[in-house]
Amino acid sequence: MEEFKNNRIHKDFVSLFNRKERITLLGENNLNLWILVLILFFTFVAIGFANGSLEYLARKMSDPYVNWVNVPLGQADSEKSRPIIENCNQDTIREKYNIISTAGYNIYWLDFVDYLDEKWVQTEMGRTIEFSDTLLSRVMAQSISGPGFDNENDVGLIVTKDMLKKYHYPPNTKYVLHNYSYNNEEGSELVRSIPIPVLGVTASLPGNAEFVSLPMLYYNRHKSSGQKPFVVDGEGFLLLFVDGDYKKAEQISLKIDNYLSSHQVYGEFLPYNMIFTNLDFGDCHSIKVTFEPSPTNIGFIDAVYDSLVANNVIVENGEVIRLYDIQSRMKTNLSADHHGLAVNFRELGNIRAFASYMAAVNEVQIDIAQIEAKENYSFITRLTKIISLILIGFSILSICLFLSNVLKNHLEKIKMNIGTFKAFGLDSKTLHRIYMRVIFSVILGAMSLSIIASWLFGKVGGMRFLLKIFGSDNLESGESYFELFDQWTLLSIVLILLISFLVLSVTARKILRKSPGDLIYDR
């Protein structure tokens, strides 16, 4: 053996010592390594699940569907809804109660016609949503398809996929048929199946609604006075929607033109067909058939349409569907009371204080059950953070205890050899540095393996599998509930290395600082 001169050690000795001691510390068949890998694996799985849970809860807490509080208004309160909204949207109130926005909404019902069986008509509940409401952006963020509303005067619906399925509409439908009945000038009841554009399809909507619209549609459908936009008697043209490209629309337009021109009853009029892109129904095409001079008979256009269908010139609700020009009759000077308020909170900590404010200042009561539900959501988030920290701390403690025990037992077994090295001049600091390097090479190796294994576990959906085993059936599609690479993971790695170093350093020093004689003679 080389002499230890001036505490300088030959590099071959250090290399051999490191390798031999590392093999010994790894245990028989690398048992200690695999135990450490297993402990670290469960640690990082716990950290990944904690990160994933916190991120999931953070997304939910920032989700207007969660942070949105529904405040129904009675008849008396609805008449003063606009002053209440203006009051809640003041900067001072929003900042005080962490409110993003407050908007009014209305609940209403529409009759829908089944796509396959026109005789089956059923009523569904919907609600309005303001074009400027932050809730609308959340609705569109989870939209399955559709462009959404383009401006505040859009007449269309965002519907749930369950509603389309219920009425047998295809998932990519451009419209749904609204059944509208009214009395004509003679007092007879007329029923029209009026297509309303579908501008979005989503999995769910706030308030368990089956559809949402902008206030424009609601006010004109239920609140307009005088001429009703949905009363379509007397239109001087025939409007048809073609779900296809321009070539298909051109072929249908030519068939219509040939038929109308060859029939004397229509020959006294000069029919003219115009094809245009219908932006309301998703960039498809429509055909507008006009007559010159304009017919004065109120039922003339209906008769033309019925004749085209009866003579198989067009296939009703197949290749074409009849449209009505309700858009041009819509009124834009809207004014109506609201059935309720939709309050979007940034976070839910001040919801009870806001409820007290609403009761005291605006004389509006918020359901206490709704307040408690939101507070429970906030409490669960804080509780999850605490549990996650405790779990991480317990994992770090387990690692330190295991490594400390392995190092202590090893040093106890070879302390006679250590005493001999020290007797030849190898000092305690050098031995301490060598053993810390050896044990940390084991820790870093085990940590690398465990991080890779836990990352793969999360990547293949291991956490979703465990959640299903423990009875969680309503897991969100595409949600892994696992996020390993996060600031909490980095903090945990730093803490594991730092605390392990401190614990192992103290453990090693207790033995290595003894004199050669005490070590050799086990004193």
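When you filter the trypsin sites (Lys or Arg not before Pro) in the range 108-173 for DSSP loop state and at most 14 other Cβ atoms inside 10 Å of their Cβ, you are left with Lys119. Plainly put, the range 234-329 has a radius of gyration that is 0.94 times its Kirkwood radius, both from alpha-carbon atoms, as the Rg/Rh ratio. Rounded to 0.05, the FRET efficiency of the Ile386 and Leu279 pair, given R0 = 60 Å and the Cβ-Cβ distance, is 0.70. Computed FRET efficiency, Cβ-Cβ of Lys166 and Ser145, R0 22 Å: what is it to the nearest 0.05? So the FRET efficiency works out to roughly 0.80. What net charge do the residues around Leu254 carry, taking every other residue with its C-beta under 12 Å from that of Leu254, with Lys and Arg at +1 and Asp and Glu at -1? Net local charge, Leu254 excluded: +1. Other residues whose C-beta falls under 10 angstrom from the C-beta of His285 contribute a net charge of -2, scoring Lys and Arg +1 and Asp and Glu -1. Annotation: peptides 106-115, 493-502, 192-201, ranked by per-residue average of other Cβ atoms within 10 Å with the highest first, follow the order 192-201, 106-115, 493-502.
Electrostatic bookkeeping for Asp162 treats Lys and Arg as +1 and Asp and Glu as -1; over the other residues with beta carbon under 13 Å from its beta carbon, the sum is +1. Each of Trp34, Trp68 was scored by other Cβ atoms within 10 Å of its Cβ. Arranged with the fewest first, they read Trp34, Trp68.
Summing Cβ point charges (Lys, Arg +1; Asp, Glu -1) relative to the Cα centre of the range 234-329 gives a dipole of roughly 80 debye.
None of the figures in this text is laboratory data; all of them are computed from the coordinates on show. Keep in mind that what you see is a predicted model, and the values were worked out from it rather than measured. Quick reminder, even Gly has a Cβ in these numbers, built from the backbone with ideal geometry, and neighbours come from all protein chains shown.
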